[in-house]
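Novice: There's a structure below that I have some questions on.
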Amino acid sequence: MLISFVMKEWLKVKWVFIGLAIVHGIILLTIYYDLANIFKAYKATEVIMQLLTFEIVYYINVKYAALLSGVMIGIFQFFPEVNQSRLKLSFHLPVKEHVLIFQMAATGIALLVALNVFDTIVISMVTLKYLPYEFFESLIVTVMPWYLGGICAYCWVVIVFTEPNWMKRVVLLCIGAGIVSLFFVGDGYGKYALSLRNFATLMVLSGSIIFLSAYNFKRGIW
């Protein structure tokens, strides 16, 4: 049953996931060719000094890809469910609503993690090819807030769609936008290395609100 459920969720977001994978691929190719061309045009020491002095994050576009992915997968996964009342019917199945919503959200988050892992592997390979090891060491702590922010954005999309009260939806949308923005405000390498635990906690707390919205949605609390 779990496999069939995951397949159902996959079919809903298959095309948007493929589209996002293409977008991520284009961004990664751009990162590679930009670095390759820069190192052909300038001395390696000059490039490295410029990157360090001005803290130019050459993979900055991954930040926007992570946010876009979280929002788009959340919309395409849950908008049809709510708009066509499929979610309400699903909640009448002999399965607890928190179990059902957990399985749905876990599927979406797993797809986001797959994109994040793909990005990290490719950027790591490009970094190790052209730049000193220090750039590779700062990679994870630099991109991790973006990845967590993408998952947090996904959670808030789910929260907004599963909230039955339109006024509450507007309030939740504003709150969610404010919280998600915290993950993307920093520039430079590893600026939020000491705050990763706080970001992870904020993401988990945001995810837990999904269950309250699902509870309200099932019972039609206004």
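Novice: Taking only segment 123-138 into account, find how many residues are in contact with a Phe, Trp or Tyr (Cβ under 8 Å, 6 or more places away or on another chain) and of a type in the set (A, V, I, L, M).
Specialist: Taking segment 123-138 first, the residues in contact with a Phe, Trp or Tyr (Cβ under 8 Å, 6 or more places away or on another chain) are 123-124, 126-128, 130, 135, 138.
Narrowing the set further to residues that are of a type in the set (A, V, I, L, M) leaves 123, 126, 128.
Summing the residues that are in contact with a Phe, Trp or Tyr (Cβ under 8 Å, 6 or more places away or on another chain) and of a type in the set (A, V, I, L, M) in segment 123-138 gives 3.
Novice: Also: If only one of Ile209, Ile159, Ile109, Ile123 is within 30 Å of Met7 (Cβ to Cβ), touching a Leu at 6+ places or on another chain (Cβ under 7 Å) and among the β-branched types (Val, Ile, Thr), which one is it?
Specialist: Values: Ile209 fails: touching a Leu at 6+ places or on another chain (Cβ under 7 Å); Ile109 fails: touching a Leu at 6+ places or on another chain (Cβ under 7 Å); Ile123 fails: within 30 Å of Met7 (Cβ to Cβ).
Being within 30 Å of Met7 (Cβ to Cβ), touching a Leu at 6+ places or on another chain (Cβ under 7 Å) and among the β-branched types (Val, Ile, Thr) holds for just one of Ile209, Ile159, Ile109, Ile123, which is Ile159.
Novice: Pairs only if they're at least six apart or on different chains, beta carbon under 6 angstrom, first in segment 110-122 and under 20 Å from Phe136 (Cα atoms), second assigned to a helix (DSSP H, G or I) and among the aliphatic types (A, V, I, L, M); list them, first residue then second.
Specialist: Asp119/Val62; Val122/Leu28
Novice: List every residue pair whose Cβ atoms sit under 7 Å apart, with the two residues 6 or more apart in sequence or on different chains, where the first one lies in segment 169-184 and is of a type outside the set (A, V, I, L, M, F, W, C) and the second, anywhere, is surrounded by 16 or more Cβ atoms within 10 Å (Cβ to Cβ) and not in a helix (DSSP H, G or I).
Specialist: The qualifying pairs are Arg169/Glu163.
Novice: Let me spell it out: the conditions are (1) buried (at least 17 other Cβ atoms within 10 Å of the Cβ); (2) modelled with pLDDT under 95, and Leu28 meets all of them except one. Which number is the exception?
Specialist: (2)
Novice: Just to confirm my filter: which helices (runs of 4 or more DSSP H) fall fully inside segment 114-222 and include at least 1 residues that are polar (S, T, N, Q) and crowded, with 20+ Cβ neighbours inside 10 Å? Spell out the reasoning first.
Specialist: Values: elements: 133-162, 166-181, 196-219.
It comes to 133-162, 196-219.
Novice: For Gly188, indicate whether it is out of contact with any Cys (no Cβ under 9 Å at 6 or more places or on another chain), at pLDDT 95 or above, under 22 Å from Met144 (Cα atoms) and not aliphatic (A, V, I, L, M).
Specialist: Taking the combined requirement at face value, the residue does not satisfy it.
Novice: Residues of segment 42-66 being more than 17 Å from Ile22 (Cβ to Cβ) and in a helix (DSSP H, G or I), which ones?
Specialist: Our first condition is that a residue be more than 17 Å from Ile22 (Cβ to Cβ); within segment 42-66, this holds for 42-60, 63.
Correct list: Ala44, Thr45, Glu46, Val47, Ile48, Met49, Gln50, Leu51, Leu52, Thr53, Lys63.
The values are calculated or read from the model by the stated rules, or taken from the named source; none is laboratory data. As the structure is a computational prediction, the values presented were derived from the model and not from experiment. Cβ sites come from the backbone with ideal geometry, for glycine too, and all protein chains shown count toward neighbours.
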